[in-house]
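Just dropping this structure here.
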Amino acid sequence: MTRKQEVYSLSWDQTDLSKFMIAGAQNGGPIALIRDDKKVLLLQKQQPIKPTIYMYTAAGKLIEQIQWDKGRIVSLGWTEQEQLVVVTEDGIVRLYPLHGQYTQFSLGKEAKEDGIIDCQIWNTGLVAMTSRYQLVSVTNFYEPRPKLMAETGLDQEPHSWTVIPPQYTLSRHVEVLIGTGSTILVVDSKETVDQRLQQGPFTKMAVSPNGKFLALFTSDGKLWVVSTDFQKNLSEYATKSKIPPQQLVWCGTDSVVLYWDKIVLMVGPFGDWIKFSYEDPIFMISEIDGVRIMSNDKCELLQKVPAATEEIFKIGSTSPAAMLFDALDHFERKSPKADENIRSIKTELVDAVDCCIEAAGFEFQHYYQRALLKAASFGKCFLDNYNADRFVEMAQSLRVLNAIRYYDIGIPLTYTQYKRLSPEVVVDRLVYRNHHLLAVRIADYLKVRSDKILIHWACAKIKSSSEDEDTICRMIVEKLIKKPGLSYAEIAKTAYNSGQTRLATKLLDYEPRAADQVPLLISMEEDEMALMKAIESGDTDLVYMVIFHLKRKLPLGEFFRMINNKPLACSLLEVYCKEQDKELLKDFYYQDDRRVESANVILLEGFEQDDIAERISKLKIAGKTYQDDKERAFEAKGTEEGIKLLQMQQQLEKDTHQPFTGLSVSETIYKCTVLGQQNKASKVKSEFKVPDKRMWWIKLRALVEVRDWENLEKFAKSKKSPIGYEPFVEECIKAKQYQEASKYILRCDPPVRPMLFVKIGAFKEAGEQAFLNKDMEGLKQVRAKCSNHLVAQEIDSLLAQLSAR
Amino acid sequence: MSATKDNASHLGNTPLHLEKLKEVARKELPRLLDTVRGKKGLVLDPQLTGPLSLIAEFTLLKDHGVEKIYHLDSDTLDTDCASLIYICRPKMKYMRFIANHIKQLSQKSEDSRTEFSLYFVPQRTRVCERILEEQGVFGSITIGDYAMDWIPLEDDLISMELDPGTWKEIYLDGDHTSIYYAAKSLMKLQSIYGLFPKIIGKGDAARQLADMLVRMRREQAVVDEVSSFTSSKQPSLLNSVSNHIDQFIIIDRNIDIVTPLCTQLTYEGLIDETMGINHCFVELDANLVNPNQQAGSGSKQTGPNTQSPAVPPPVTTTPNQSGKKKKYVLNATDKLFSQLRDQNFAVVGGVLNKIAKRINENYEERHHAKTVAQIRDFVGRLGELQQEHQSLRIHTGIAEQIMDYTITDEFNSILEVQQNVVAGVDGNKEPDYIEEMINKQKSLIQVLRLLCLMSLAQGGLKVKLYDFFRREIIQTYGYEHIETLHRLETLGLFTKRTTATPSRSAFSQSRRLLRLIVDDVNEVRPNDISYVYSGYAPLSVRIVQCAMQKIGPGSLPTSGPSAASLFSYVGGGGGNNTNGTTPSQTNNSSGYLNEKRPNGSSGSLNGKLNPNPGVTVSNGWRGYEEVLKLLPGKSFEITQNVEYGAETNAAMARARRHGMQHTKTTVIFFLGGCTFTEVSAIRFLAQHDESRDYLVATTQMINGNTFLEPIVESIHKESSNHGTGTVSGNGMTQNSSPDL
């Protein structure tokens, strides 16, 4: 069962739709037309004139006309936000809002060079085909990143093609279906898969609104519906025409509508069909629950009759809902049949009421809406506790729907579409059409936030108003002040863009978000203010934004002056420079007379140099810079030493053919010792006044490292060790040289000797030492650790002796 | 064994459901991976692999087409993946790497186009975009954000897992980016749990953070409004005061840099000190984790969480001369670990012993099982028992490894120096030992830890000593460390003495006022938080106690054994105002009634007309002004209100009267990192406080090494190139030093 309702009768001055390229936005949206120069030329053999793009509401009211002055238009379409998408031959995409300035982007190099021959647009993106049959996809109009899709391998124009929008594919990436030869290619960003079909060529194709099904028209006149993964054959229907239809669209998700000149054919899921004829050319727009048909005199909605409606209005229906509807009629005519009807459906009354409410939603005519709701309300009276939420909700929705369906507004939204879109979107749409008052009323009525409407209103006000700035500012603030936390940046921006700088500044003061203030302040050249606001926000990224902007814009001196008294900005610049731009950093420190920091940077730069001469020269500069500050004598001296060390190391490298640079003083001595260059080690020591203690440690470790026991012993005996002899023992033990270790134990202080002996496993000696020390505790400990039976006995006897005393 | 709740480390039934936080980050990941079609390679910031593996398993990545995982650590990348996804922190270094990768890969093969996407954690920055722009690759890469705010490490511990170095960035570089990130993340927290009714804090950066929170709350109202139009996401709770959180305490790391320099003495702390815990993972010898090389079978028994770090495979096994390393996760899924982690290490051996005995007994029970039912019962418990056994073996292994180090003279000497210095002993022994360490060319970090600690505790070193050590250091470790010393001086870590005597230093005064040194510490049955450092109570946590009004202010100035009783307050439960000076922190007066502005001296917001409705500022901390004055930075207290309607107010008042409020949680946020011992100390407070739960939040986990490394960094590379064997550094620093 299908029905075709006339929604609007149109009075537009477009008579021959066949001469136009047309795009209609879904969900009762506007339609755009432009004279199709191909068709015009063909028919009238005229020179192309400057064409105009017309934008109409679904009720045929002109919204805007655009004088088109760019290249040939390949395709038109609409975005989710009801912006008109215009794609030209040379790969430019323009987005026109219903009112106001367009934005544009390019589809990239390939598109520009080869030219676009066709384009498929859905509500958030598009896929364009170049003359070399490459596909370029853009999935987000507002952050367009044109991407080449996989090679199609085509060498001739496809018979037909279409896209499945990303939200309906398994991979969540857009897929393109191309009918070529007798088969279909499925193309995505990575690969092209041939479905290996035999039934083609397919001269028309369309994807259902939910992306699940594909309707194909074959060259032999068959309409074939398959699932979009080509796994399920759904239906086949043979038309008698081999000529492909001008339009092939889905009506909801279960029927397909075909249009040839003067004939509209609707084919249902089970091969059932219905035919309509039209005198004049028409244009069809697929909706989620039907098809909108625009002709030169009316706008109609073709759809499958909803179940609830059918239940009530089917001829001879005796369903509870139909009985209830009938009962109301009787009641109003004061007929007792009313009571009879109600009684007969008493048990199913709830369903009947629900059904009437639902059916009311599907009606466009106020009369039926009212009648059905009345019936529901009447039925409700006989129910004890019926939850009226649905009833209230429906009444509310219908009120909104009727308001926006009104001819002047012209949005023929169905209840199903309304539920899908949500009230917020409906409000947005009214705003795009500059119906601010209605939008605010609806927002208040439905308790939706109205801030965005107010902002849009304010912007529109600024654009259109001719009053002086103070008055406008007062007017806007008066309206908006009641909504705390509302963003003023966009309004201020509008003011600025329309040349009212002072108003912009004024309005911007009301903006609570720094992130929104700063970019605008920059574009208004309020640099200092921008920097201060950015710093205030604490968002370092915002501060960087201003810094980079200033750096690009201002001469260096002025740039530094601007940030000098702002510590956060300075610090951030330093952090950035340390990694990216050392020269700038040095300039920065220099102009601010920050000597020590300068020196630090140069010092580190020096140490990063691989070339020694370079390094030394850098260090010299650093050293000199340190000298400028009396407090930094240590640093200055250290740098000097560092240079001296490098020079010595160069000499050492020449002498020993071993790498030295990069080692510290201690490491240099160590290495000299390891290499057996004792004299050189001593020279370094005296040159750098290395304390004896450290010197001894270094030599000790180095000699143990190369296991030069002879020299170690010599060294130990050279003079009295400033570090004692315990380290000698420890280091030998670490090297597992117990024999060597033992040599030094007796040079250690008596109290520590026993434990050192224990460490090398010499329990006997340990015991003796403890005994000599008269260290009872120590002796006991030695005894406890001792594992050798014989030695243990000896110790026992020592213990006995000691305790005897 | 423990005097309190059994599962010591767990808050267990926190009403906060931290899982939510994990979910937020986890859900985002697949979405991000799916932006690229088909198979792809993932290039990860090495610092992020740990956090990522805490929120998602490898299989999740695999399911979404990730074939290979690379580390973003050099400017060359060899890959055959057709598309690459980078996930990294916005660091300039990485941008240069990525730019090079792009240039390289696009040069290599003209025809096959590699696709690049880049996700910044937590958000893109203009600095990075600018570098990509300068390198000329900005157009060839798709950029997005991945807001991975909080990584719940534990039921009572969440971390932002920023790179270590937050404190240095703030106080040395003056780069406040991490404060901003913290504010953002805390807003996320508030949007999930409601506004913090009270924000109390100490420190300049902490103050900035609090101001940002207040500011963002105002700004957020706008964002909410705008976004509610386009998407009906989960409603944010930013317009109501939290039901679950009673206060939010910000501890600025800057007020206590002494604590992280001390060697942590709890079990978990020592694992961190000796082996390094990275994002809950510790690297162990493979044969310790899996003794019989029965790969897989062991890990299955221990459950999914215990040892499948999974992300990413390239780092799970790193060849090492001591055999293969394997990552092992340390958190509450390991029951035994949660029993041990907060214990002083001195006790751990005994506990392990006891448990070993118990497990053995449990095994023995099988001999008593006579009936079929009993046997079935035993078999049913077998899995659990084996798991326990396995974890016992691992922890015994770990404990032994730690013990190997703790019995050395070196460890004990270092510890002695630390303890003396912190306790205020100003002798010759300590400098002598440090000198010896330098002479032995011990790792610089280790030396600096002691030196800085000494300098901080004594208010700087005597000029002679100071000059001596500076010379020793640059001669031993290289002249490039002139700059390191300069940085340490700027940060106040290592300075000349300015006060007349060390006892006048801020630290020694607060030591007295806050009783930081507790002589009669009991490590087995701790009666005070000082057990975590065997006698030193971490200053930061004492400040937390002040904020909670848990130390009786009147009794503070006294010290010595007579004051031992004052800590009975610690366990005294909530709101026991023992004397009149404790202010009544009037949470229950809603509206704008909290107009208490005592001396108006601190806080820039005071005095001015209050620009933030719903916010009251005072400097709080009543009773502790004296101590707080000693520590650097501002102290403040902010009350956040929401104007509810009269009905809501009445309902809430009723609810309060009837005691229908939940147990509240106090959130303690460490800005600049916290140590495991500090967490343990706070857990100790939690156990002795029935009236509320505690949640520790931090920018990252740190220890003395990771705390100092960022300051010393950037200079290391030179000396380590020449492997002459002189740099002998002990195992401790080798493990946690940044690998090149």
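The values are calculated or read from the model by the stated rules, or taken from the named source; none is laboratory data. Treat the numbers as computed from the prediction; the structure is a model and nothing was measured. Heads up, the Cβs are rebuilt from the backbone with ideal geometry, glycines too, and the neighbour counts pull from every protein chain shown.
Suppose the filter is surrounded by fewer than 19 Cβ atoms within 10 Å (Cβ to Cβ) and closer than 23 Å to A:L302 by Cα; does A:R405 pass it?
Spelling it out, it is not the case that A:R405 is surrounded by fewer than 19 Cβ atoms within 10 Å (Cβ to Cβ) and closer than 23 Å to A:L302 by Cα.
Name the residues in segment B:125-139 that are of a type in the set (S, T, N, Q) and either touching an Asp or Glu at 6+ places or on another chain (Cβ under 9 Å) or facing chain A (nearest Cβ under 10 Å) (or both), would you?
Matches in segment B:125-139: B:T125 only.
Each row is one residue, and each column tells you yes or no for (1) modelled with pLDDT of 90 or more; (2) closer than 19 Å to B:G478 by Cβ; (3) more than 8 Å from chain B (Cβ to nearest Cβ); (4) surrounded by 23 or more Cβ atoms within 10 Å (Cβ to Cβ).
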site	(1), (2), (3), (4)
A:Q609	no, yes, yes, no
A:R615	yes, yes, yes, no
A:A636	yes, yes, yes, no
A:K644	yes, yes, yes, no
A:W697	yes, yes, no, yes
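A further question on this structure: Would you be able to say whether some residue in segment B:472-488 is closer than 26 Å to A:S598 by Cα, within 11 Å of chain A (Cβ to nearest Cβ) and of a type in the set (K, R)?
Scanning segment B:472-488, I find at least one residue that is closer than 26 Å to A:S598 by Cα, within 11 Å of chain A (Cβ to nearest Cβ) and of a type in the set (K, R), so the answer is yes.
Whether any residue in segment A:229-236 is more than 30 Å from the chain's Cα centre (by Cα), surrounded by fewer than 21 Cβ atoms within 10 Å (Cβ to Cβ) and at pLDDT 90 or above is what I want to check.
no
For every residue, the table says whether it meets (1) facing chain B (nearest Cβ under 10 Å); (2) closer than 22 Å to A:E64 by Cα; (3) in contact with a helix residue (DSSP H, G or I) (Cβ under 6 Å, 6 or more places away or on another chain); (4) surrounded by 22 or more Cβ atoms within 10 Å (Cβ to Cβ).
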site	(1), (2), (3), (4)
A:V425	yes, yes, no, no
A:R429	no, yes, no, yes
A:A439	no, yes, yes, yes
A:W457	no, yes, yes, no
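Which residue pairs have Cβ atoms under 8 Å apart, sit 6 or more places apart or on different chains, and have a first residue in segment A:515-529 that is of a type in the set (K, R) and a second that is outside any loop (DSSP other than H, G, I, E, B)?
No pair meets every condition.
Evaluate the following for B:L44: is it of a type in the set (A, V, I, L, M) and either under 20 Å from the mean Cα position of the chain (by Cα) or away from chain A (no Cβ under 14 Å) (or both)?
yes
Does A:L572 count as more than 10 Å from every other protein chain (Cβ to nearest Cβ) and crowded, with 23+ Cβ neighbours inside 10 Å?
It is false that A:L572 is more than 10 Å from every other protein chain (Cβ to nearest Cβ) and crowded, with 23+ Cβ neighbours inside 10 Å.
In segment A:749-805, how many residues are touching a residue at least 12 places away in the same chain (Cβ under 8 Å), of a type in the set (D, E, K, R) and in a helix (DSSP H, G or I)?
So the count comes out to 10.
Turning to a different aspect of this structure: Can you work out which of the residues in segment A:617-634 that are touching a Gly at 6+ places or on another chain (Cβ under 9 Å) and under 15 Å from B:E483 (Cβ atoms) is farthest from the other protein chains (Cβ to nearest Cβ)?
If we take residues in segment A:617-634 being touching a Gly at 6+ places or on another chain (Cβ under 9 Å) and under 15 Å from B:E483 (Cβ atoms), then A:I621 is farthest from the other protein chains (Cβ to nearest Cβ).
Okay, moving on. Would you mind stating whether A:Q650 is surrounded by fewer than 17 Cβ atoms within 10 Å (Cβ to Cβ), over 23 Å from B:E483 (Cα atoms) and at the interface with chain B (Cβ under 10 Å from one of its Cβ atoms)?
Answer is no for this residue.
Tally the residues that are within 11 Å of chain B (Cβ to nearest Cβ), surrounded by fewer than 20 Cβ atoms within 10 Å (Cβ to Cβ) and either of a type in the set (V, I, T) or in contact (Cβ under 8 Å) with a residue 12 or more places away in the chain (or both), restricting the search to segment A:653-673.
2
Continuing with the same structure: Quick one: in segment A:145-167, which of the residues that are within 20 Å of the chain's Cα centre (by Cα) and not in a strand (DSSP E or B) is farthest from the other protein chains (Cβ to nearest Cβ)?
A:P165
Which residue out of A:F382, A:F378, A:F364 is touching a helix residue (DSSP H, G or I) at 6+ places or on another chain (Cβ under 8 Å), touching a residue at least 12 places away in the same chain (Cβ under 8 Å), crowded, with 19+ Cβ neighbours inside 10 Å and hydrophobic (A, V, I, L, M, F, W, C)?
That would be A:F378, the only listed residue that is touching a helix residue (DSSP H, G or I) at 6+ places or on another chain (Cβ under 8 Å), touching a residue at least 12 places away in the same chain (Cβ under 8 Å), crowded, with 19+ Cβ neighbours inside 10 Å and hydrophobic (A, V, I, L, M, F, W, C).
Going by what's in this entry, would B:T142 be described as of a type in the set (V, I, T), in contact with a strand residue (DSSP E or B) (Cβ under 7 Å, 6 or more places away or on another chain) and within 14 Å of another protein chain (Cβ to nearest Cβ)? Give the derivation first.
Working: of a type in the set (V, I, T): yes; in contact with a strand residue (DSSP E or B) (Cβ under 7 Å, 6 or more places away or on another chain): yes; within 14 Å of another protein chain (Cβ to nearest Cβ): yes.
Yes; evaluated as a whole, the condition is true for this residue.
Keeping to segment B:170-206, report how many residues are in contact with a helix residue (DSSP H, G or I) (Cβ under 6 Å, 6 or more places away or on another chain) and among the acidic types (D, E).
Of the residues in that region, 2 qualify.
Has segment B:72-93 got any residue that is of a type in the set (F, W, Y) and out of contact with any Ser or Thr (no Cβ under 8 Å at 6 or more places or on another chain)?
no
Restricting the search to segment A:441-455, which residues are in a helix (DSSP H, G or I), within 14 Å of chain B (Cβ to nearest Cβ) and surrounded by fewer than 18 Cβ atoms within 10 Å (Cβ to Cβ)? Show your work before the answer.
The first filter runs over segment A:441-455 and keeps only residues in a helix (DSSP H, G or I), leaving A:441-446, A:451-455.
Then keep just the ones that are within 14 Å of chain B (Cβ to nearest Cβ); that gives A:442-443, A:446, A:451-455.
Residue satisfying the conditions is A:L446 alone.
Would you say A:K689 is within 14 Å of chain B (Cβ to nearest Cβ), surrounded by fewer than 16 Cβ atoms within 10 Å (Cβ to Cβ) and closer than 22 Å to B:F469 by Cα?
yes
Further question: What pairs can you find where one residue is in segment A:385-402 and under 16 Å from A:K374 (Cβ atoms) and touching a residue at least 12 places away in the same chain (Cβ under 8 Å), the other is assigned to a helix (DSSP H, G or I) and of a type outside the set (A, V, I, L, M, F, W, C), and their Cβ atoms are less than 6 Å apart, with a gap of 6+ or different chains?
Short answer, once both residue conditions are applied: A:Y386/A:K380; A:M394/A:G361; A:L398/A:Q369.
May I pose another question? So which pairs qualify, if the first residue must be in segment B:482-500 and at positive phi, the second must be part of a helix (DSSP H, G or I), the Cβ gap must be under 8 Å, and the two must be at least 6 apart or on different chains?
Close Cβ pairs (under 8 Å, with a partner that is part of a helix (DSSP H, G or I)) amount to B:G492/B:L456.
While we're on this one: Of the conditions (1) within 14 Å of chain B (Cβ to nearest Cβ); (2) surrounded by 18 or more Cβ atoms within 10 Å (Cβ to Cβ); (3) among the small types (G, A, S); (4) in contact (Cβ under 8 Å) with a residue 24 or more places away in the chain, A:A681 satisfies every one except a single condition; which number is it?
In the conditions (1) within 14 Å of chain B (Cβ to nearest Cβ); (2) surrounded by 18 or more Cβ atoms within 10 Å (Cβ to Cβ); (3) among the small types (G, A, S); (4) in contact (Cβ under 8 Å) with a residue 24 or more places away in the chain, A:A681 misses (4) alone.
In segment B:415-465, which residues are surrounded by fewer than 21 Cβ atoms within 10 Å (Cβ to Cβ), of a type in the set (V, I, T) and either out of contact with any strand residue (DSSP E or B) (no Cβ under 7 Å at 6 or more places or on another chain) or not in a helix (DSSP H, G or I) (or both)?
B:V425
Kindly indicate which of A:A395, A:A460, A:A443, A:A388 is farther than 21 Å from A:T79 by Cα, at pLDDT 90 or above and among the small types (G, A, S).
From the options A:A395, A:A460, A:A443, A:A388, the qualifying one is A:A395.
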